[in-house]
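Below is one structure, written out as structure tokens, with a few remarks after it.
The values are calculated or read from the model by the stated rules, or taken from the named source; none is laboratory data. Remember, predicted model here, so these are calculated numbers, not experimental data. Because the Cβ atoms are built from the backbone with ideal geometry, glycine has one as well, and the counts that use them run over all protein chains shown.
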Amino acid sequence: MEQKRAPQHLAWHETLAIHELTVAQSIGLIKVKNTVDTIMDPDLKRIYLQAIENISANIMEFISFYPLAASPDRKPNQHSDSTLSARELLLQTKNSVKSYGTAITEIATPGLREVFRKHLNRSIDSHEKIFIYLYEKGLYPTHDFSAILQNDLKISDRALGFKLAQKNPSSLP
């Protein structure tokens with residue numbers, strides 16, 4: 001992902017994400033390594049060995065970001081408030097990535113799996129575009145956790161204060 005503003009550290013949510021994934025993948029790697037020697041089927045054993053390589057590479061990549069992890073002593077950057085419509089699109093694309101990422105693990109039909117992969121990649125590309133837009137415009141202060149929380153509170157206040165359209169009482173459930 002190309003950005004105009006090069007951050008000097010990870011945002012809090014990024015730090016938490018790599019923390020959670022590093023721990024989860026480390027525990028999974030221990031389990032896979034403990035199991036591989038009990039696998040008798042050579043094809044399955046190759047899959048396990050490849051999984052060990054892949055998970056190990058994932059962990060090492062995450063660890064390389066640990067020196068950039070967010071910490072309380074880092075000074076936040078100042079950014080403006082978010083715009084609701086752009087943040088809504090960001091949230092929608094993020095949820096799409098999560099949904100497709102989870103759903104593809106359940107798909108066994110090759111043609112359908114390829115469609116899911118294509119949709120997942122489109123969702124990732126869309127998320128990247130809206131994220132870069134928000135970040136470059138200063139509308140998503142990824143490295144200013146206080147500002148993110150303030151934006152959350154503003155959006156929550158707006159949502160809680162939003163009045164429902166008057167409906168005919170007989171049409172209510």
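Of note:
- Scanning region 69-100 for residues that are at pLDDT below 85, among the aliphatic types (A, V, I, L, M) and part of a helix (DSSP H, G or I) turns up Leu84, Ala86, Leu89, Leu90, Leu91.
- Exclusive hit being in a loop (DSSP other than H, G, I, E, B) and modelled with pLDDT under 75, set Gln3, Gln8: Gln3
- For region 126-148, the set of residues classified as assigned to a helix (DSSP H, G or I), polar (S, T, N, Q) and surrounded by 17 or more Cβ atoms within 10 Å (Cβ to Cβ) consists of Ser126 only.
- Residues within region 120-151 that are closer than 17 Å to Glu14 by Cβ, of a type outside the set (A, V, I, L, M) and free of Cβ contacts under 8 Å to residues at least 40 places away in the same chain, tallied: 1
- Meets criteria (touching a Lys or Arg at 6+ places or on another chain (Cβ under 9 Å) and loosely packed, with under 11 Cβ neighbours inside 10 Å) for Gln8: yes
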